[in-house]
């Protein structure tokens with residue numbers, strides 16, 4: 001359950017964020033959306049892929065964290081995040097931006113009041129005794145706003161990749177735990193098409209700063225072997 005509401009001192013003066021982070025809520029999420037700015041960081045831990053939204057047909061970049069739906073190999077059984085990098089969609093939780101009720105063009109800070117990481121009794125306060133935002137809350141606002149801006153840039157990145165027809169559907173295959181697992185419905189940048197783009201199109205990608213993200217994505221696909229190893233280790237320990 002989620003209950004997204006604006007953050008206001010009248011309702012949240014005593015609200016706190018628990019210091020200890022439990023990632024158990026993600027244990028069944030084998031795919032997490034990411035933004036283009038995160039490709040390089042995510043590529044050190046997991047494959048960076050693209051998936052296609054069933055209803056809109058829009059491509060979404062994501063970190064592949066498991067080989068089967070319902071199993072996140074990056075989150076350990078005790079709720080620990082085992083990778084080096086925590087994606088922004090996770091790091092900014094339970095905060096987000098939402099449209100103001102009075103002005104749909106204005107974005108305001110909001111919070112999921114049902115989040116397990118929130119408490120009225122323990123943790124880091126969002127507001128001080130004078131009703132002012134704490135430094136923690138101010139930093140959270142900056143992080144959420146930055147992540148929102150990165151999402152806007154990523155929308156432009158996806159639009160260009162789509163216009164250039166660089167995204168092709170692929171099947172990733174990995175040997176894991178004695179099983180041969182095929183992952184379908186995954187899209188990746190076609191390296192041949194990328195390398196044969198007209199000079200002006202390729203130059204445009206470079207000038208926009210998208211080439212590092214593209215190459216990070218292509219290199220990251222080799223991390224499928226790491227997921228295979230994690231899968232084997234987890235299922236061998238459970239046998």
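Every number in this text was worked out from the coordinates using simple rules, so none of it is lab data. Keep in mind that what you see is a predicted model, and the values were worked out from it rather than measured. Glycine gets a Cβ as well: all are built from the backbone with ideal geometry, and neighbour counts include every protein chain shown.
Numerical summary
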quantity	calculated
Candidate values [x] 30, 20, 17; [y] 44, 22, 18; [z] 34, 25, 14, label of the one derived for semi-axes √(5λ) of the Cα gyration tensor in Å	[z]
Residues 120, 208, 140 arranged by fewest to most Cβ contacts within 10 Å	120, 208, 140
Backbone N within the stretch 200-239 under 16 Å of label point (7 Å from residue 152 Cα along the Cβ vector)	none
Cα pair distances in the stretch 163-239, grouped into 10 Å bins until the bin that holds the longest one, percent each	16, 39, 24, 15, 6, 1
Percent RCO, i.e. relative contact order, over the stretch 50-186, from Cα pairs under 8 Å lying at least 6 residues apart	18 percent
Burial ordering of 236, 71, 129, 38, fewest other beta-carbon atoms within 10 Å first	129, 236, 71, 38
Footprinting exposure proxy for 102, 235, 12 (fewest neighbouring C-beta atoms within 10 Å first)	102, 235, 12
For the stretch 23-81 versus the stretch 133-180, the gap between their alpha-carbon centres in whole angstrom	9 Å
Average Cα contact separation per residue, the chain, under 8 Å, 6 or more apart, as relative contact order %	28 percent
